[in-house]
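Notes to accompany the following structure.
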Ligand code: AR6
């Protein structure tokens with residue numbers, strides 16, 4: 001069981017808009033009306049239909065998630081979530097970030113989505129420290145996968161080498177942690 005959880009997570013380095021996961025996650029802002037970073041790239045690649053659909057949703061609070069179609073993307077769905085703005089770490093940022101991952105996975109499950117790719121939410125314009133965000137992402141996704149069959153696999157899509165390395169190391173550590181737990185059970 002534990003080993004299976006680790007097998008259901010992987011890391012890729014590159015542009016999330018090119019992936020052919022069933023759903024890609026967007027690190028949006030509360031308006032859901034587009035922006036820079038990965039949000040800008042997703043809207044650019046998906047085309048104007050995505051913005052039209054987002055307009056109808058009317059926004060999303062931090063920590064929650066909303067789903068739209070993928071329009072011109074290879075992915076059939078886009079799950080939009082709003083990460084916390086980093087304000088030093090004592091304003092509940094960790095809980096909000098964990099909630100982004102959980103809410104996105106819950107929306108994926110509700111839609112029967114088998115494969116989901118996440119960008120490194122909040123670690124660009126919103127300033128969340130990369131290593132701390134990676135811990136939250138991997139721990140929260142591992143907890144979800146241990147209790148749910150869907151999504152079957154989760155990809156962490158890292159835009160740069162530094163993030164990809166962080167995630168690879170964190171997943172190696174997770175495998176060791178889960179292996180120890182299994183051995184002592
Ligand atoms: N594919 C994968 N990851 C990417 C891509 C891409 N094409 N482009 C950037 N990243 P950010 P945030 C990485 O700033 O911190 C927007 O304006 C990037 O290297 O996109 O959650 C929204 O509208 C970083 O690791 O999102 C909000 O206003 C990660 O994506 C605000 O920024 C997140 O960086 C959200 O800020």
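Just so you know, all these numbers are worked out from the coordinates, no wet-lab data involved. On a predicted model such as this, the values are computed, not experimentally measured, just so you know. Every residue, glycine as well, gets a Cβ built from its backbone with ideal geometry; the counts of neighbours run over all protein chains shown.
Taking only the Cα atoms of the chain, how large is their convex hull per residue, in Å³?
On the way: hull volume 18.8 nm³, N = 185.
Expressed per residue, the convex hull around the Cα atoms of the chain is 101 Å³.
I want to verify a result. In a Gaussian network model of the chain, Cα cutoff 10 Å, which of these has the top mean-square fluctuation: 98, 125, 142?
Greatest mean-square fluctuation among the candidates belongs to 125.
Assuming R0 = 45 Å, can you tell me the calculated FRET efficiency for the pair residue 173 and residue 44, based on Cβ-Cβ distance, to the nearest 0.05? Kindly include the intermediate steps, with their values, before the conclusion.
Working: r = 35 Å, r/R0 = 0.78.
Computed FRET efficiency for residue 173 and residue 44 comes out at 0.80.
How much mean residue ellipticity at 222 nm does the chain get from its helices, if each DSSP H run of length 4 or more adds -39500 (n - 2.57) and you divide by all residues, to the nearest 500 deg cm²/dmol? Provide the component values of the computation, followed by the final result.
Numbers: 6 runs with 86 residues, N = 185.
One gets -15000 deg cm²/dmol as the mean residue ellipticity at 222 nm.
Rounded to the nearest 5, what is the percent of antiparallel bridges among the DSSP beta bridges in the chain? Please list the in-between numbers first.
On the way: 5 of 22 bridges.
Within the chain, antiparallel bridges account for around 25 percent of the total.
How long is the gain from residue 111 to residue 91 if the chain were fully straight, where each residue apart is worth 0.36 nm and the alpha carbon distance is subtracted?
Values: separation 20, 0.36 × 20 = 7.20 nm, distance 3.19 nm.
Gain on stretching residue 111 to residue 91: 4.0 nm.
Quick one: helix 130-147 against the long Cα principal axis of the chain, what's the angle to the nearest 10°, folded into 0 to 90?
Helix 130-147 sits roughly 80 degrees off the main axis of the chain.
Quick one: if the Förster radius is 25 Å, what FRET efficiency do residue 3 and residue 74 give, using the C-beta to C-beta distance and rounding to 0.05?
It comes to 0.25.
At 0.36 nm per residue, minus the direct Cα-Cα distance, what do residue 31 and residue 132 gain on full extension? Give it in nm, one decimal, please. Working shown, then result.
On the way: separation 101, 0.36 × 101 = 36.36 nm, distance 2.58 nm.
Extra length available between residue 31 and residue 132 comes to 33.8 nm.
Report the residue, chosen from 63, 127, 83, that carries the largest GNM mean-square fluctuation when the chain is represented by alpha-carbon nodes joined by springs under 10 Å.
It is 127.
Using alpha carbons only, how many degrees (0 to 90, rounded to 10) separate the axis of helix 48-57 from the longest principal axis of the chain?
Helix 48-57 sits roughly 80 degrees off the main axis of the chain.
Relative to the first principal axis of the alpha-carbon coordinates of the chain, what is the inclination of helix 93-110, with its axis defined by its Cα atoms, in degrees from 0 to 90 and to the nearest 10?
Taking the Cα atoms of the chain, the angle to 93-110 is about 80 degrees.
With a 10 Å Cβ neighbour count serving as the proxy for reagent exposure, in which order, fewest first, do 38, 107 appear? Intermediate results must be reported in sequence, preceding the final value.
Working: 38 24, 107 21.
So the residues, fewest neighbours to most, are 107, 38.
Please build a GNM for the chain, connecting alpha carbons under 10 Å apart, and tell me which residue among 52, 109, 165 fluctuates the most.
Per the Cα network of the chain with a 10 Å cutoff, 52 tops the list.
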